[in-house]
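Working notes for the structure below.
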Amino acid sequence: MRLDGRRESENVDDRRRRGGGKKAGIGIGGLVIAALITWVMGGDPLSVLSNADLGSMINEQGQTATYEPTAEEEELAKFSKQILAGTEDVWTKEFQKMGRTYEPPRLVLFTGSVQSGCGGASSSMGPFYCSADQSVYIDLSFFSQMKKQLGADGDFAYAYVIAHEVGHHVQYLLGILDEAHQKMSSVSEKESNRISVRLELQADYLAGVWAYHDNKMFNSLEDGDIEEGLNVASRIGDDYLQKKAQGYTVPDAFNHGTSEQRVRWLRKGLTSGNVAGADTFSPAYDEL
């Protein structure tokens, strides 16, 4: 992506140096597959309790550990702030078209564990959006693990992850997220999962809409960028991850959509750039 000279959002809460870093003796590598599966299969990721200690992180000497980001992570932090700024610019204009005012989410950067408005969370949950405090939470190590564990790499691949979570914020502002969650609490688990799939595919579509308009505004997309995003979408489908984790699929447990569905809806958003095309709730489930 072409980001040279692009502004960085100031709506960022960088907590990476607060309360220490990763707990001594616990490597994130062993948690990665669980993290990715939780991110794309867990419904509300905050309902999943991590085995990691969500309290203060301490080192072997019992002292609070000091976390210092690497140069690579600092570049990812800058990149994330630029992408967030891009979502602010695009969605401000798109909401104006709808006669609405866009209130951007806050981006919270953390490492190891964090307290959100939705409760305690650890990096093993992957990136998530919390509507209680209207914030997107990301441990930047997730991006390097995407590359190592799933072969999903590239700046647009990372941007897609952020834009997808911002898409959930858009759903929240439009009242879609709360309405869907209310319905999910009153139906069977199978039907609740299907509603979740509709939400996630819509967030994929909205991520595509953002990319379409960001490119129109800033000429940001380069050759290969779209392929990077579609590659990520194909590798975070419920069917792909279930097969990777257990060797078989359980369709009734899908709650983010298959690889084919996620690619299709992301591509739709990228192609049209039309928010009105984001209706994933009217089609029959088997037509998504």
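The values are calculated or read from the model by the stated rules, or taken from the named source; none is laboratory data. From a predicted model like this one, the values you see are computed outputs, not experimental measurements. Backbone-built Cβ (ideal geometry, glycine too); neighbour counts: all protein chains shown. Calculation scope for accessible area: heavy atoms of the full protein, side chains included, ligands and nucleic acids excluded. Shrake-Rupley method; radii C 1.70, N 1.55, O 1.52, S 1.80 Å.
Some notes on this structure:
- Single unsatisfied condition, VAL209 versus (1) open to solvent by less than 70 Å² (accessible area, probe 1.4 Å); (2) of a type in the set (A, V, I, L, M, F, W, C); (3) over 18 Å from ASP89 (Cβ atoms): (3)
- Only one of VAL12, VAL90, VAL40 that is hydrophobic (A, V, I, L, M, F, W, C), surrounded by 12 or more Cβ atoms within 10 Å (Cβ to Cβ), at pLDDT 95 or above and touching a Leu at 6+ places or on another chain (Cβ under 8 Å): VAL12
- Here is the figure for region 91-131: residues that are in contact with a Gly (Cβ under 7 Å, 6 or more places away or on another chain), part of a loop (DSSP other than H, G, I, E, B) and on the phi < 0 side of the Ramachandran plot total 1.
- For region 185-206, a residue qualifies if it is over 18 Å from LEU230 (Cβ atoms), of a type in the set (A, V, I, L, M) and in contact (Cβ under 8 Å) with a residue 40 or more places away in the chain, and the qualifying residues are VAL197, LEU199.
- When region 200-226 is filtered for residues that are of a type in the set (A, V, I, L, M) and closer than 11 Å to ALA278 by Cβ, the ones remaining, listed by number, are LEU201, ALA203, LEU206, ALA207, VAL209.
- Among the numbered conditions (1) among the polar types (S, T, N, Q); (2) in contact with a Leu (Cβ under 9 Å, 6 or more places away or on another chain); (3) over 23 Å from LEU241 (Cβ atoms), the only one that SER122 does not meet is (3).
- Selection status of PHE79, more than 13 Å from the chain's Cα centre (by Cα) and open to solvent by less than 10 Å² (accessible area, probe 1.4 Å): no
- Residue match in region 147-154 (condition: at pLDDT 95 or above, over 17 Å from the mean Cα position of the chain (by Cα) and open to solvent by 60 Å² or more (accessible area, probe 1.4 Å)): no
- In region 241-263, the residues that are under 20 Å from HIS168 (Cβ atoms) and among the small types (Gly, Ala, Ser) form no Cβ pair under 6 Å with any partner that is open to solvent by 20 Å² or more (accessible area, probe 1.4 Å) and not in a helix (DSSP H, G or I), whether six or more places apart or across chains.
- Checking each residue in region 112-130 for being of a type in the set (S, T, N, Q), out of contact with any strand residue (DSSP E or B) (no Cβ under 6 Å at 6 or more places or on another chain) and surrounded by 18 or more Cβ atoms within 10 Å (Cβ to Cβ) picks out SER123, SER124.
- Every residue from region 238-250 that is open to solvent by 80 Å² or more (accessible area, probe 1.4 Å) and either touching a strand residue (DSSP E or B) at 6+ places or on another chain (Cβ under 8 Å) or in a helix (DSSP H, G or I) (or both): LYS243, LYS244, GLN246
- Tally, over region 132-143, of residues that are closer than 19 Å to GLU10 by Cα and not in a strand (DSSP E or B): 4
- Hits in region 264-288 (condition: aliphatic (A, V, I, L, M) and surrounded by 21 or more Cβ atoms within 10 Å (Cβ to Cβ)): LEU266, LEU270, ALA278
- For GLY247, the conditions (1) within 20 Å of ALA163 (Cβ to Cβ); (2) at pLDDT 90 or above all hold with the exception of (1).
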